[in-house]
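Just below is one structure, and these are the notes that go with it.
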Amino acid sequence: MRSARLATAGLLAALTTLVPALTTGTAAGGAQAASGGGADVVSRDVAFSLVNANSTADACSSDGRTYRVRGQLVGPRREVLGANADRVDVLVHGLGTGSWLWHLREQPAYDYAAALARAGETSLVLDRLGYGASPIPGGNDTCLGAQADMLHQVVQHLHSGLYRFAGSGHAVPSVHHVVLQGHAAGAAIAQLEAATYDDVDGLVLMSWTDGRATRPAADAARQQSRRCLGDRDFARYAGSDRDYRALLFRTAPAGVQRAAADRRGPAPCGDVLSLAPTIATGRTSARDVEAPVLLVFGSRDRLNRADAERQQEQSYSSSVRVRRTTVSGAGNALPLERSAATTRARVLRWLATVA
């Protein structure tokens, strides 16, 4: 893996013009009623058996082994515990947060998955391999191309019902339609999956562009990459908690920011070092996305340049429909900003137009 690290080192200079990798961390466990929800909203731990392989055009390597990848199915009781679910939104984190970005249960007003469930949506809050409840021993044994491949496997398992509730013999629902929702580098993974396999019904991409990152974003990504090049398997995004909070948030309440900083964890270095080639691939793969796309940005995002948003919108030349929306005053971590309800409302309104 040392040779792969050295090969990647030459790509670091390009990060000044590339979008940052935002997303890592620990995932919330448990399988009770979802936070803030009534008796009709439930959350259940689920597990998938996935092969850590890379069949995408993203040039990065993985170990090809089979791992247990976990998540939480959050939604109306009739869908989560029924034989079939009409639609599941797979929520994908990136390199600087974690599944808690979508399901921060101790802050009910900012629990994205539970709020969507109360509106009738069912979500899979996924811990990607190497994060939270889905550990991998060697952080250099996976990469973002493999993460997109495993996301494709998740989509197929949802359709066929080839996954299980953790610690329960209850039958899991098979799913008719799947929408991928990704934040930051999680959006890049979702985009690569949709472009490569063409098996999802829609994409919601938050705080993501395939280029023209801000200088603070590029600096933070370079620092994380340098830590990985120093013979590490895992590395955190951003330095201090204060730096981390400054990059992700503009208006999030102090309690939400503290909870996020407490939960941030290190990202697998294979993910970190494959970010630059994934971004380069993304500029091409965006043209291959045929599903409808919703792009969501915050007007005060410190990590993505505002002048790149329209360029990103125009990248999806094969998509049946592309919509871009900007949430006024919001920073990068849209589900956790004070405007979280506005973000959710716009996503829900768009979902109503998708099969």
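Only the coordinates and a few stated rules stand behind these numbers; no lab work does. What you see is a predicted model; the values in this text were computed from it and never measured. We place every Cβ from the backbone using ideal geometry, glycine too, and count neighbours over all the protein chains shown.
Computed extension length for D40-A119: 27.3 nm, one decimal, from 0.36 nm per residue of separation with the Cα-Cα distance subtracted. The dipole here belongs to region 212-355: it is taken about the Cα centre, uses +1 on the Cβ of Lys and Arg and -1 on the Cβ of Asp and Glu, and is about 420 debye. Applying 1/(1 + (r/R0)^6) with R0 = 22 Å to the Cβ-Cβ distance of H170 and E106 gives a FRET efficiency near 0.25. A crude spin-label estimate for the pair R68 and H159, with each label 7 Å from Cα along the Cβ direction, gives 2.7 nm. Shown is the FRET efficiency for Q314 and A345, computed with R0 = 45 Å from the Cβ-Cβ distance and rounded to the nearest 0.05: 0.95.
Non-local amide H neighbours of V172 (under 5 Å, H modeled in plane, Pro and chain starts lacking H): which ones? Hits under the 5 Å cutoff: F165.
Only Cα pairs under 8 Å and 6+ residues apart enter the sum, and on that basis the relative contact order of the chain stands at 22 percent.
Computing FRET efficiency as 1/(1 + (r/R0)^6) for R78 and R226, where r is the C-beta to C-beta distance and R0 is 41 Å, gives about 0.25. A dipole drawn for the chain from +1 and -1 charges on Cβ atoms has a positive end, and of G145, A220, A195 the residue lying farthest that way is A220.
Only the Cβ atoms of Lys and Arg (+1) and of Asp and Glu (-1) were treated as charged; on that basis the dipole of region 225-305 about its Cα centre amounts to roughly 420 debye.
The charge dipole of region 2-351, taken about the Cα centre with unit charges on the Cβ atoms of Lys, Arg (+1) and Asp, Glu (-1), comes to about 900 debye, rounded to the nearest 20. Given the choices (i) 5; (ii) 20; (iii) 27, percent of Cα pairs over 39 Å apart derived from the coordinates of this structure is entry (i). Using θ = phi - 60° in the Karplus curve 6.51 cos²θ - 1.76 cosθ + 1.60, the 3J(HN,Hα) couplings for region 226-243 round to 5, 5, 5, 5, x, 6, 9, 9, 9, 8, 7, 8, 6, x, 7, 4, 5, 4 Hz; x is entered for Gly and Pro.
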